[in-house]
Amino acid sequence: MSPCQRAHPQPVPDPETAVLRTEAVTKTYRMGDVDVHALRGVDFALYPSEFMVLLGMSGSGKSTLLNILGGLDVPSSGRVFYRDWELTEASSRELTRYRREHVGFVFQFYNLIPSLTAEENVALVTDISPDPLEPAEALELVGLGARRNHFPSQLSGGEQQRVAIARAVAKRPHVLLCDEPTGALDFKTGIAVLEVIERVNRELGTTTAVITHNAPVAKLADRVVSLADGAVLSDERNETKCEARELVW
């Protein structure tokens, strides 16, 4: 697709086809004598092969929502579904299986093991996955095939983040959840990382959600959900989509 072309019109999806959805989800944390309401009755859906951006300032609730969608946290109230499986009814063991088999995570900080090469870091995931990509294949996908024997200390920040993406997608997850994946990177390197996430979504068809406070990133998305003060402020489909290399911030 050429940069910033008009997106193909899409019919409004049936919520029943959603890969992930929430119903009236709340999350409250107790901090001393104060209740902090991180999420306030959030209804949300993520559809097959979609590239979604969750946009909001720090404290808007976007990371809390992502953690609940990924089975890393549980809501205080409401319901969460992965397809027809109600995750809010799942045991801790079942949530571990859900994370292992269905979800890939990319965080702001790369969480690579310093004593392992890039390929060995990816193999940590593929060794426990039922139908993984080969680690070398996953690294080729993110443009690091020639760097597979390098240790994290021998890689730039952007390269380390691309290893983290390779690790996340090597198990062929149905959903890729990215929490501020460019937050620790400079502009040029951040664009390179977003290009990799675009490629994973486009070539593997991986349903993808990227959370960011950086408004221009929303131009990449099929759909943009904005959060503020723990609630959905807007939910809109993009009329045009840009490529990562066209972004400026």
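All of the numbers you see were taken from the coordinates with simple rules; none came from a lab. Since the model is a prediction, treat every value here as computed from it, not as a measurement. Here the Cβ is made from the backbone with ideal geometry for all residues, glycine too, and neighbour counts use every protein chain on show.
Positive end of the dipole of the chain (Cβ unit charges, origin at the Cα centre): among 59, 116, 38, the Cα lying farthest that way belongs to 116.
Calculated from DSSP H runs of 4 or more alone, at -39500 (n - 2.57) each and per residue, what is the 222 nm mean residue ellipticity of the chain, nearest 500? Result for the chain, helices only: -8000 deg cm²/dmol.
In this structure the amide hydrogen of residue 207, modeled in the peptide plane, comes within under 5 Å of the amide hydrogens of 49, 176, none closer than 5 places in sequence on its chain.
A cut-off under 13 angstrom between Cβ atoms defines the neighbours of residue 152, and their net charge, with Lys, Arg +1 and Asp, Glu -1, is +1.
For residue 19, the residues 5 or more places off, or on other chains, whose built amide H falls under 5 Å of its own are 46, 47. Rounded to the nearest Hz, the phi-derived 3J(HN,Hα) couplings of the range 156-172 under the Karplus curve 6.51 cos²θ - 1.76 cosθ + 1.60 (θ = phi - 60°) are 6, x, x, 5, 5, 5, 5, 4, 4, 5, 4, 4, 5, 8, 5, 8, 6, where x marks glycine and proline. Of all DSSP beta bridges confined to the chain, the antiparallel ones make up roughly 55%. Once backbone amide H atoms are built at 1.01 Å from N, residue 228 has 233 as its partners under 5 Å, excluding neighbours fewer than 5 places away on the same chain. Ranked by the mean number of other Cβ atoms within 10 Å per residue, highest first, peptides 166-177, 136-147, 82-93 order as 166-177, 136-147, 82-93. Backbone phi angles across the range 121-135, fed through the Karplus curve with coefficients 6.51, -1.76 and 1.60 (θ = phi - 60°), yield HN-Hα couplings of 4, 5, 5, 4, 8, 5, 5, 10, 9, x, 9, x, 6, 5, x Hz in residue order; Gly and Pro are listed as x.
Taking θ as phi - 60° and the Karplus parameters 6.51, -1.76 and 1.60, the scalar couplings of the range 243-249 work out to 8, 4, 5, 8, 6, 9, 8 Hz in sequence order, x denoting glycine and proline. For a straight C-alpha distance cut-off of 25 angstrom, the lysines reachable from residue 188 (same-chain residues fewer than eight places away being disregarded) are 62, 219, 241.
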